[in-house]
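I have placed the structure first, in the form of structure tokens, so that the comments after it can refer back to it.
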Amino acid sequence: TLEGGGQLLRNSAAYAAALQRGISICNVRGGRGTPGLRPAHLAALEALARLSSATLSGAAVGSGQVTFEAKGAAGAAVQVVDAGTGGSTMLMLQALLPMMLARSGLEGGCPVEVIFKGGTNVCSPRPFEINAPQVDYVELVLFPVLRKLFGVTLELQVKQRGFLHGGGEVLVRCSTPRWPLEASEMVEPGEILEVAGTLYRSAAVPQNVLPRMLEGQLKKRPGGAAVLLKEKLPEIVPHFECQECPTANGADACGLVVVLRSSTGCHFGGDSMGRKGTMAEAVGEEAARKAWAAYGRGGCCDEHLEDQLVIFMALAKGTSRLRLGTKQSLHFQTA
């Protein structure tokens, strides 16, 4: 169905938990080369079942059919969700965050805290594709917009970055004084006022890679994220943070997330990761170009944020409105 992967599973289970309904999902991830549940999907479903006091059947790695039946009672506190692999921590968070907020709101605003273990910055190496939100995207783009739209409290702490083989650990704490959330709208893109970003590298990545992602020399011209953004937004001084971290489970990585913030509180993100055969300057420009192109779509957020906001708008009380950019992704249509 549409996106054909794990999003249908995550969103439908999240809706079922938050609305206290039962669902049955067939042909799980049927559009993928390796269909069925993967370890990260299983970990997220099991945690969501505990949090919402649901019964879960068919939940095993490789399973193509899952039944999730919420019971309408407060579940047990969830402390750790562990993919056991390099599975994305932020995709597991997508499945749990609506219910985490529901749990908080229904319990008078008490904070709900979960630790996610797995990959924080992951990609498919061949062919190269970033197929999950980087933890920095959630921190710089998703969480600020959710705070603005719904007045929720969201905190994220990266205890350890994890890459291809996992090893990452992220603490997420959230609270809201009410559930359901109040409807909101974001319909004016505004003008870009701020440029920011986070760059990271692990121990085995050369020290000069991060500076080159911002500003360096391509074959015949200067290149990098800061160079491109200065061309597009010459009046704005960007603020970038460079972070270093240990090697994680024998894997190393580097990358960046860029965010453009507008006068109306809109956020437009772009990201990239380093890989063999691609110059650091080109990696930096790739992230900056994505963020600039997202703003140029004419909507109030980038295409990835669009699909991540749908579930919160759908669960809110009343009618929420979001101005979309040109051409929506399959993830958005699935959501």
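The values are calculated or read from the model by the stated rules, or taken from the named source; none is laboratory data. None of these values were measured; they are calculated from a predicted model. Here the Cβ is made from the backbone with ideal geometry for all residues, glycine too, and neighbour counts use every protein chain on show. SASA here: full protein model, heavy atoms, side chains in, ligands and nucleic acids out. Shrake-Rupley method; radii C 1.70, N 1.55, O 1.52, S 1.80 Å.
At a glance:
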quantity	calculated
Viscosity 0.890 mPa s, temperature 25 °C, Stokes-Einstein D of region 173-284 from Kirkwood C-alpha radius, µm²/s	153
Tail fraction, Cα-Cα pairs, region 1-43, threshold 11 Å, whole percent	65
Region 11-106: trypsin sites (Lys or Arg not before Pro) in DSSP loop, at most 16 other beta carbons within 10 Å	ARG21, ARG32, LYS71
Candidate values (1) 139; (2) 123; (3) 167, label of the one derived for volume of the Cα convex hull per residue in Å³	(2)
Whole-number percent relative contact order across region 31-140, with pairs defined as alpha carbons under 8 Å at least 6 apart	25
Accessible surface, per residue, of region 177-317 when the full set of protein chains is kept, probe 1.4 Å, Å²	46
Region 1-97, accessible surface, carbon-and-sulfur percent (1.4 angstrom probe)	51
Candidates GLY108, GLY223, GLY86: whichever shows maximal mean-square fluctuation once the chain is modelled as a Gaussian network with Cα springs under 10 Å	GLY108
Accessible surface of region 240-335, 1.4 Å probe, proportion on carbon and sulfur as whole %	51
Percent RCO, i.e. relative contact order, over the chain, from Cα pairs under 8 Å lying at least 6 residues apart	16
For region 61-147, the fraction of alpha-carbon pairs in successive 10 Å shells from zero, as %	14, 39, 35, 11, 1
Accessible area of region 112-190 belonging to carbon and sulfur atoms, whole % at 1.4 Å probe	46
For region 40-156, accessible area per residue (1.4 Å probe, heavy atoms of protein chains only), Å²	36
Long-range Cα-Cα pairs in region 126-220 (distance over 21 Å), rounded percent	55
